[in-house]
1. Mind ranking T109, T100, T40, T115 by accessible surface for me, highest first, 1.4 Å probe?
2. What FRET efficiency comes out for the pair R61/R41, r = Cβ-Cβ distance, R0 = 25 Å, nearest 0.05?
3. So what is the accessible area of the range 19-122 per residue, in Å², with the probe set to 1.4 Å?
4. Starting from 0.36 nm per residue, how many nanometres of slack lie between L103 and S68 once their C-alpha separation is accounted for?
5. Label point 7 Å out from L111 along Cα-to-Cβ: which residues of the range 28-63 have amide N under 16 Å?
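The values are calculated or read from the model by the stated rules, or taken from the named source; none is laboratory data. Just so we're clear, the structure is a prediction, and the values are computed from it rather than from any experiment. In this analysis, Cβ positions are derived from the backbone assuming ideal geometry, glycine residues included, and neighbour counts consider all displayed protein chains. Calculation scope for accessible area: heavy atoms of the full protein, side chains included, ligands and nucleic acids excluded. Shrake-Rupley method; radii C 1.70, N 1.55, O 1.52, S 1.80 Å.
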Amino acid sequence: DLQRHSCFDVFFIHNSSEASLASILALGSALSTSQDDYTTRHVVRLVSFWLAQRGLEKLLRSRTDANSEHFADAIQVVVSMPDRVANRLQGRVPPEYQPTLYLSNLISTALSAVTSDATAVF
């Protein structure tokens, strides 16, 4: 079991824009299907790691028309993460997933990605 989790972690440590979309979709699915508290908490830690490694910024920058359906699904997973975590952990939500803090961080990250892209054009 430990080896399985270690292999799972390696996938999400990959630091590319292309992997960002696949990573958050896989994490959303893993959170929905986790069967025990340990696995659920592990997936929540991986989502936190994804966010800390600028996963949302990479996701926003990787958007193309070719992946627009998957992009919308990924954004839905990211935005709904506090509710997903609260449901899976039966209300025992880590502080970083409290809706006010979480959404504030998402908005800040999104604005940062948009403004840095805008300044890169000029």
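1. The most accessible residue leads, giving T100, T115, T109, T40.
2. For R61 and R41, the calculated efficiency is 0.25.
3. 56
4. 10.4 nm
5. Taking a point 7 Å out along Cα→Cβ of L111, the residues of the range 28-63 whose backbone N falls under 16 Å are 57.
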